[in-house]
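The values are calculated or read from the model by the stated rules, or taken from the named source; none is laboratory data. Since we're looking at a predicted model, the values are computed, not measured. Using ideal geometry, Cβ is built from the backbone for each residue, glycine included, and neighbour counts are taken over all protein chains shown. For accessibility, only protein heavy atoms count, side chains too; no ligands or nucleic acids. Shrake-Rupley method; radii C 1.70, N 1.55, O 1.52, S 1.80 Å.
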Amino acid sequence: MLRSKTFLKKTRAGGVVKIVREHYLRDDIGCGAPACSACGGAHAGPALELQPRDQASSLCPWPHYLLPDTNVLLHQIDVLEHPAIRNVIVLQTVMQEVRNRSAPIYKRIRDVTNNQEKHFYTFTNEHHKETYIEQEQGENANDRNDRAIRVAAKWYNEHLKRVAADSQLQVILITNDRKNKEKAVQEGIPAFTCEEYVKSLTANPELIDRLAYLSDEMNEIESGKIIFSEHLPLSKLQQGIKSGSYLQGTFRASRENYLEATVWIHGDKEEEKEILIQGIKHLNRAVHEDIVAVELLPRSQWVAPSSVVLDDEGQNEDDVEKDEERELLLKTAVSEKMLRPTGRVVGIIKRNWRPYCGMLSKSDIKESRRHLFTPADKRIPRIRIETRQASALEGRRIIVAIDGWPRNSRYPNGHFVKNLGDVGEKETETEVLLLEHDVPHQPFSQAVLSFLPRMPWSITEEDMKNREDLRHLCVCSVDPPGCTDIDDALHCRELSNGNLEVGVHIADVSHFIRPGNALDQESARRGTTVYLCEKRIDMVPELLSSNLCSLRSNVDRLAFSCIWEMNHNAEILKTRFTKSVINSKASLTYAEAQMRIDSAAMNDDITTSLRGLNQLAKILKKGRIEKGALTLSSPEIRFHMDSETHDPIDLQTKELRETNSMVEEFMLLANISVAKKIHEEFSEHALLRKHPAPPPSNYDILVKAAKSKNLQIKTDTAKSLADSLDRAESPDFPYLNTLLRILATRCMMQAVYFCSGMDNDFHHYGLASPIYTHFTSPIRRYADIIVHRLLAVAIGADCTYPELTDKHKLSDICKNLNFRHKMAQYAQRASVAFHTQLFFKSKGIVSEEAYILFVRKNAIVVLIPKYGLEGTVFFEEKDKPKPRLAYDDEIPSLRIEGTVFHVFDKVKVKITLDSSNLQHQKIRMALVEPQIPGINIPPNVADKALTAPGGKKRKLEK
């Protein structure tokens, strides 16, 4: 049966076109019930259970299926994901609405429907002859969809009665819409609100905690004092933004001060990039990462960013008055120069709430069900939740979701989602850091895994098309110990004309991951593999990452090869790219490769190849440095784990060898060669990577620190910076140069991916290269997969697809990749910090030599070379007499009771673990040497103040 939908659409040019869409109606769409003889098993995929048996509901004790409406899916997804909720019919109408309104919820419901144990069935009601309805005259889209849901529910009940007259099986409509429920009951459809149904499941009382309470805001306001001004409706906000009276931007809350935030304005106006928001009422219920509309205050009301550290310690609504008292602390007399554009939030354009990890702060009121939840992320406000299991959740990490933030509430309302486990446990804390940094880490779905090659896999004749056979070459890989995802391999051999042939062979991941399928979409979403201290979160399934794509030794593997002909001075004479098949002759660690190069007794083909590569790499590195490439430093930590407990038993900085540099040089060369090629072919849509030059002010700390040691650092170009770092040596202080390079690293900007058609500046500052990309790690970076696809099209080895040559879509991919890479870095640092805490927890109190990296007004920031560990030594303690401190910003230096500290001075510090705040445990450092009366802690005395519970956080002044 065929229906047609006709509508008019306005074109960009201002014309009007009539669009006719054909809408097919069918009578062979299955209902999902396995016992249904009428449908004859027409449904495919996960189906409902024959006899729903596990929902012991006091409201409806008979067997039943659930049919939720759109709002239940959008707001009660945490309830629907619970194992107790099974046998749910999800209508096409509902799925389409959810898809349009919330992509994250849509993905979650898709995951649930794909889980066969849940028995969720998607019913295509919009194409079923008996359940499709037309929109009536005067009926809005929302009312039409509500009617479509009721029609489908009624049809289900009648259909199930027809096929099994003696069956008590019913379909229950779950809706929180009062009018929709009333109409359903009038039409003879069993209907309940989500709360009514959940409370009737007596066997699962914990489900009540998962309910999102979405009360009518207007009714709530009548019952409490109004704290916040009303958010303007979206239509008014859009008008205001268009007229310029409001500005749109991303709300960024402060970690140090809960009464302060900044809004980053969307647009090109550099001078108004950031607006300061100060005070509880001006923040007006915005949450970190929300898209908000702000009104700029008159210049007379502008304020300066505060240097005060404030944690929200309130427990009830009356604390608003305390908040207002605290706001007065922020308003100190400052010079005109310090004032920043200041505004207030007038409305929310888009909420960017996510589930938050943290801990429950149990109410002091006995038997109370209302408690405050304190998120681990200090930028998120505390959340009020209702739970019956507060005692069981104390001292545990839990997940909570925000439901709403009424005008009369000091805190947002939310609901309990999940108990992660005890604070401090390794599995719990790893889960927390992955969730808090938004690292996708769930197991790959069946839909994704279905696109993997069938095993056993082997190279076919079809695979060999447009591919060179390079299995005869003496190729080998050099990687860290224990590496299983081997992306790259190398070879070097002498040609008959006396020149050298050098090849970089990269795993051909794009052969296995085809554009647009579920595997490709999941890899694009993840963006990168995340390496934690004892765990790897793969970007692609393990079958590819550790097997079929990994260039392991003595197996045939598909590769993408970049091959140069060079002379012995490492000058490139020819470059070619080809898809290939290789067979690596050895998988070596950096240490093993170094041993081969250094051993006079070894002269086999692999060793000869490595020596040739090493010689060329040294010349290439020298050439790069002469052009102005920077050799910076950052202390990298390696943990040695106990083989049974997997706890860290030793901590040391990573050792770098010549072979590390050798591999790096050829990876850089391959990336540059590929960048040039793809930009030649696709000037508008090449995926490239740039590293912006830092603004001169970034270098102030480095220049001042060097000056304090009578050294001059020039920063006008990368070349002058590199040269002055090379000259900055001190014979009696060999570690000084490393410290300067560590400091120089802190001055740098973040490197980012971008689309060549959307930017003019391609330069990579750190590498002193006019163009650069990522090609060499496609197993662990999605950017490299896109680059492989571009290169394959450029050399005629693969076909293109529309998204590959759409610069706007490529730009969106780059934004996601930049976000994922940044989050992966933060997650890795959090993992190192947690394992460092575990190490010092078992180690006890340790005293070590350290060097001062930064001098602050009341503290010094030190680096301990032995552990690659950084920490702060405070000189002001609460409830202790304040020492005489004199800070000089120009040198910079800090005088304490007659002792002067400069940057790079050597000190001795004591390291302990401060467990006073369970949620935010920290490594604390205290000064042992030099001796300062009243400041030092003898190295053999335990610092009880550091480990005593209830210790307050000290303020670090910048």
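Quick notes on this structure:
- Scan of segment 526-563 for residues that are surrounded by fewer than 23 Cβ atoms within 10 Å (Cβ to Cβ), within 19 Å of the chain's Cα centre (by Cα) and hydrophobic (A, V, I, L, M, F, W, C), ordered by number: Leu532, Cys533, Ile537
- Within segment 564-590, if we keep just the residues that are closer than 22 Å to His774 by Cβ and among the polar types (S, T, N, Q), the residue that is most open to solvent (accessible area, probe 1.4 Å) turns out to be Thr575.
- Residue within segment 402-411 that is at pLDDT below 90 and open to solvent by 40 Å² or more (accessible area, probe 1.4 Å) present: no
- With respect to (1) part of a helix (DSSP H, G or I); (2) open to solvent by 40 Å² or more (accessible area, probe 1.4 Å); (3) β-branched (Val, Ile, Thr); (4) touching a helix residue (DSSP H, G or I) at 6+ places or on another chain (Cβ under 6 Å), the lone exception for Ile105 is condition (2).
- Among residues of segment 224-243 that are assigned by TED's automatic domain parsing to the domain that holds Ser409, those with a Cβ under 6 angstrom from a residue that is open to solvent by less than 70 Å² (accessible area, probe 1.4 Å) and in a helix (DSSP H, G or I), sequence gap 6+ or separate chain, pair up as Ile227/Val320.
- Ile713 being within 28 Å of Gln825 (Cβ to Cβ) and in a loop (DSSP other than H, G, I, E, B): yes
- Output for segment 733-782, where each listed residue is among the aromatic types (Phe, Trp, Tyr) and over 29 Å from Ile701 (Cβ atoms): Phe775, Tyr782
- All of Ser811, Ser756 fail the test of being surrounded by fewer than 21 Cβ atoms within 10 Å (Cβ to Cβ), at pLDDT below 95 and within 26 Å of the chain's Cα centre (by Cα), apart from Ser811.
- Unmet requirement for Thr773, which otherwise passes all of (1) surrounded by fewer than 18 Cβ atoms within 10 Å (Cβ to Cβ); (2) within 30 Å of Leu544 (Cα to Cα); (3) not hydrophobic (A, V, I, L, M, F, W, C): (1)
- Note on segment 57-103: residues that are at pLDDT below 85, over 22 Å from Tyr213 (Cα atoms) and touching a Leu at 6+ places or on another chain (Cβ under 7 Å) amount to 0.
- Leading residue by the ranking (nearest to the chain's Cα centre (by Cα)) among those in segment 831-852 that are under 23 Å from Met539 (Cβ atoms) and open to solvent by less than 30 Å² (accessible area, probe 1.4 Å): Ser831
- Residue list for segment 592-627, restricted to those being exposed (fewer than 14 other Cβ atoms within 10 Å of the Cβ) and hydrophobic (A, V, I, L, M, F, W, C): Ala600, Ala601
- Of all residues in segment 694-720, those satisfying the criterion of being open to solvent by 60 Å² or more (accessible area, probe 1.4 Å) and either hydroxyl-bearing (Ser, Thr, Tyr) or in contact with a His (Cβ under 9 Å, 6 or more places away or on another chain) (or both) are Ser697, Lys709, Thr717.
- Restricting attention to segment 108-125, the residues being modelled with pLDDT under 90 and part of a helix (DSSP H, G or I) number 9.
- Looking at Ser391, Ser361, just one residue is modelled with pLDDT under 85, hydroxyl-bearing (Ser, Thr, Tyr) and open to solvent by 30 Å² or more (accessible area, probe 1.4 Å), and that residue is Ser391.
- The listed residue being farther than 30 Å from Ile385 by Cα and open to solvent by 20 Å² or more (accessible area, probe 1.4 Å), out of Leu449, Leu490, Leu473: Leu449
- Residue-level analysis places Val294 outside the set of residues that are assigned to a loop (DSSP other than H, G, I, E, B), buried (at least 18 other Cβ atoms within 10 Å of the Cβ) and either of a type in the set (S, T, N, Q) or at pLDDT 90 or above (or both).
- The condition (being farther than 23 Å from Arg746 by Cα and not β-branched (Val, Ile, Thr)) is satisfied by just one residue among Ala675, Ala705, Ala718: Ala675.
- Against the conditions (1) closer than 27 Å to Pro205 by Cα; (2) part of a helix (DSSP H, G or I); (3) in contact (Cβ under 8 Å) with a residue 12 or more places away in the chain, Glu427 satisfies every one except (3).
- Look at (1) crowded, with 16+ Cβ neighbours inside 10 Å; (2) at pLDDT 80 or above; (3) of a type outside the set (Gly, Ala, Ser); (4) under 34 Å from the mean Cα position of the chain (by Cα) and you find that Arg856 fails only one, number (2).
- Per-region count, segment 244-277, residues more than 26 Å from the chain's Cα centre (by Cα) and at pLDDT 90 or above: 3
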